[in-house]
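The values are calculated or read from the model by the stated rules, or taken from the named source; none is laboratory data. Predicted model, so just to flag it, every value in this text is computed and none were measured. Note: ideal-geometry Cβ built from the backbone for every residue, glycine included; neighbour counts use all protein chains shown.
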Amino acid sequence: MKRLLAVFLCLASSGFAALTKEQKIFDFTVLAQTFAANYGPYHWKVRALKYDAMDLKPWLAKVEATRNDIEFLEVLIDYVASLKDGHASLSFFGTFRATLGFTTDIYDGKVLIDSINRTTQPLSRFPAVVGDELVSFGGQPVGAVIDQLEKYQTVGNPRATRRLAANILTIRPQSLIPSAASVGDTVEVEVRRAESGELEKYTLPWTKTGIAFTDLGTVPVARDASKRGPRALEIQDDSLPAYMQPIAPLLTARLPRDPEGVLNYGAVAPIYGFPTGFRLRLAGGTDFFASGTYVVEGKTIGWIRIPSFQPPSAAAAIQIFEREMAFFQENTDGLVIDAMRNPGGSVAFVEALLQRVIPFPFRTLGFEIRATNSWAQSFASVLSSARQFGAEPWIVQHLENNYNDVLQANREGGTTGSLSLNSTGSLILLPSPLAYRKPLIALADDISASAGDFFPAVIQDNGRGKIVGYQTMGLGGNVVAYDGTVYSEVGARVTQSLMTRREPVVTAEFPTAAYVENIGVRPDIELDYMTRENLMNRGVPFVEAFTKIILQEISGN
């Protein structure tokens with residue numbers, strides 16, 4: 001309430017000044033120190049991207065050159081975006097939002113309209129239709145505008161970055177884009193009509209809601225930054241043993257915010273239509289999953305969608321998933337698991353689902369943690385609690401080994417080895433007795449993120465089934481929220497670890513490494529949903545293609 005009142009007074013009174021140069025420098029330094037103390041992938045970014053986030057001289061020069069608070073916030077965004085890490089992000093307190101009433105994404109390399117709100121943009125004003133191409137925006141080629149927007153949506157995967165930037169062409173929240181309020185009352189867009197090939201220009205009004213901020217106000221007395229630390233845990237997981245609570249913040253592996261304008265992102269319903277003859281079992285509503293079966297060439301195929309790894313109740317969702325696997329084991333010949341457009345969630349929950357689709361002991365992903373004194377204390381608390389709660393001796397031994405690794409890394413000011421973050425303390429997990437044992441494939445795409453990277457990585461590493469789709473987003477760590485600055489009150493989310501795979505991955509773009517960060521999970525079979533044919537036909541070609549693949553897996557070909 002105090003913050004909202006301050007924003008209101010700032011807007012209502014022309015007497016408030018912007019932050020001073022000294023306050024900007026202080027805030028930037030605080031943000032940089034937060035990353036210096038906690039950012040797990042630091043050495044990987046130096047090695048893979050040739051970017052050193054601790055070289056502050058050029059950034060301080062940019063901060064000093066800013067003429068107002070908005071420019072200062074844009075420098076902060078540039079600094080974090082240079083990490084090319086979708087977990088590392090900033091958030092602002094603005095409620096202002098400008099939208100145009102239609103969404104865009106990149107299909108076959110072109111920016112196409114993929115949904116239109118006809119209440120906001122009636123046919124009489126905007127006769128373009130889904131599937132038409134957006135060619136220019138505000139008098140600039142659309143590609144040039146996407147270039148400018150990429151820094152607000154930078155993630156580990158270049159194609160995903162570009163797609164997410166295309167999504168915010170028509171949606172401008174100030175909580176993401178500090179300069180969002182600078183949009184005019186209207187914008188001119190140029191569209192190539194798919195049916196005729198003709199270029200048409202329209203002048204469309206922005207729909208604006210919320211209150212915009214233009215400066216942050218002057219805070220005359222230095223605020224107390226001595227008690228800054230991680231914010232409250234963002235993801236709750238009621239399936240965790242009580243002794244795991246001290247390290248529960250390390251179990252968040254999720255995009256900081258759901259992308260704007262991505263169709264069916266994190267939704268129970270898939271982006272594509274169901275096959276002919278599909279019989280629903282779980283169908284949304286109060287169901288966390290969607291599931292069902294269909295018959296092709298005499299084979300019964302099971303299908304289940306995992307919209308995210310952040311259910312309202314992990315314990316309840318695990319029971320439902322296990323029940324579905326038991327049904328599929330008795331009634332299907334093969335299984336399709338859809339983890340596309342998945343923002344991630346809880347590491348513990350994704351491992352629990354993996355234990356129900358991998359019917360043998362398997363190696364999960366480890367985490368190289370940026371060790372700090374607070375995390376050493378947290379691991380010590382886990383170990384102490386496990387002993388108090390009577391955990392089995394082998395579990396206590398694993399947890400003790402993990403604690404010693406964190407303690408040693410903290411003393412040396414570095415990162416740990418590859419540690420398990422599950423309640424057993426082990427990188428080897430045992431299957432559920434009801435695990436699905438028949439052939440399966442898992443669908444993933446370039447906006448399967450974080451725990452959405454984790455799930456297909458483990459399936460692929462352990463040879464459980466083929467990954468079908470597109471290279472995942474490449475967000476390979478856990479994320480923790482901090483108060484990123486003092487005067488400007490910017491929230492920061494910091495990646496504190498690196499997910500580590502079973503074996504190093506060789507790519508043309510990056511050094512060979514066993515990391516998920518930036519590298520992502522490369523599919524065994526590439527199948528790209530992002531085509532105009534799929535957009536216009538509710539994904540029929542995509543469904544036919546993955547159905548053919550699971551039939552081949554069933555037949556053993």
TODO: Taking Ile301 as meeting all but one of (1) under 24 Å from the mean Cα position of the chain (by Cα); (2) buried (at least 20 other Cβ atoms within 10 Å of the Cβ); (3) in contact (Cβ under 8 Å) with a residue 60 or more places away in the chain, write down the number of the exception.
DONE: (1)
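I need the full set of residues from segment 356-404 which are in contact with a strand residue (DSSP E or B) (Cβ under 7 Å, 6 or more places away or on another chain), buried (at least 16 other Cβ atoms within 10 Å of the Cβ) and in contact (Cβ under 8 Å) with a residue 24 or more places away in the chain, in order please.
The first filter runs over segment 356-404 and keeps only residues in contact with a strand residue (DSSP E or B) (Cβ under 7 Å, 6 or more places away or on another chain), leaving 357, 361-371, 375, 402.
From what's left, buried (at least 16 other Cβ atoms within 10 Å of the Cβ): 357, 362-371, 375, 402.
If the condition is that a residue be in contact with a strand residue (DSSP E or B) (Cβ under 7 Å, 6 or more places away or on another chain), buried (at least 16 other Cβ atoms within 10 Å of the Cβ) and in contact (Cβ under 8 Å) with a residue 24 or more places away in the chain, then Val357, Phe362, Arg363, Thr364, Leu365, Gly366, Phe367, Glu368, Ile369, Arg370, Ala371, Trp375 are the ones that fit.
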TODO: Select, from Glu200, Glu188, the only residue that is touching a strand residue (DSSP E or B) at 6+ places or on another chain (Cβ under 8 Å), assigned to a strand (DSSP E or B), surrounded by fewer than 22 Cβ atoms within 10 Å (Cβ to Cβ) and free of Cβ contacts under 8 Å to residues at least 60 places away in the same chain.
DONE: Glu188
Task: Where Gln245 falls short, out of the listed (1) over 22 Å from Met530 (Cα atoms); (2) polar (S, T, N, Q); (3) modelled with pLDDT of 95 or more - done: (3)
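So if I check each of Glu330, Glu260, which one is closer than 27 Å to Thr495 by Cα, charged (D, E, K, R) and out of contact with any Ser or Thr (no Cβ under 8 Å at 6 or more places or on another chain)?
Glu260
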- [ ] Just one of (1) out of contact with any helix residue (DSSP H, G or I) (no Cβ under 7 Å at 6 or more places or on another chain); (2) touching a residue at least 12 places away in the same chain (Cβ under 8 Å); (3) closer than 27 Å to Lys45 by Cβ; (4) not acidic (Asp, Glu) trips up Gln148, so point out which.
- [x] (2)
- [ ] Can you tell me which residue within segment 185-214, out of those that are at pLDDT 95 or above and small (Gly, Ala, Ser), is farthest from Phe126 (Cα to Cα)?
- [x] Gly210
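Which residue out of Pro311, Pro259 is at negative phi, at pLDDT 95 or above and crowded, with 20+ Cβ neighbours inside 10 Å? Spell out how you get there, then give the answer.
On the way: Pro259 fails: at pLDDT 95 or above.
Result: Pro311 is the single residue among Pro311, Pro259 that is at negative phi, at pLDDT 95 or above and crowded, with 20+ Cβ neighbours inside 10 Å.
Output yes when any residue across segment 261-273 is without any contact (Cβ under 8 Å) to a residue 60 or more places away in the chain and within 24 Å of Val543 (Cβ to Cβ), and no when none is.
Yes - at least one qualifying residue is present in segment 261-273.
Conditions (1) at pLDDT 95 or above; (2) under 25 Å from Val480 (Cα atoms); (3) more than 24 Å from the chain's Cα centre (by Cα), marked per residue:
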position: Leu419; (1), (2), (3): yes, yes, no
position: Asn422; (1), (2), (3): yes, yes, no
position: Gly425; (1), (2), (3): yes, yes, yes
position: Pro433; (1), (2), (3): yes, no, yes
position: Lys438; (1), (2), (3): yes, no, yes
position: Ile447; (1), (2), (3): yes, yes, no
position: Ala457; (1), (2), (3): yes, yes, no
Open item on the list: All but one of (1) touching a residue at least 24 places away in the same chain (Cβ under 8 Å); (2) over 26 Å from Arg162 (Cα atoms); (3) surrounded by fewer than 20 Cβ atoms within 10 Å (Cβ to Cβ) hold for Glu526; state the number of the condition that does not hold.
Closed with: (2)
Open item on the list: I'm told Ile519 meets every condition in (1) buried (at least 22 other Cβ atoms within 10 Å of the Cβ); (2) at pLDDT 95 or above; (3) in contact with a helix residue (DSSP H, G or I) (Cβ under 8 Å, 6 or more places away or on another chain) except one. Can you identify the failing condition by its number?
Closed with: (3)
TODO: Determine, yes or no, whether Arg532 is basic (Lys, Arg) and more than 22 Å from Arg254 (Cα to Cα).
DONE: yes
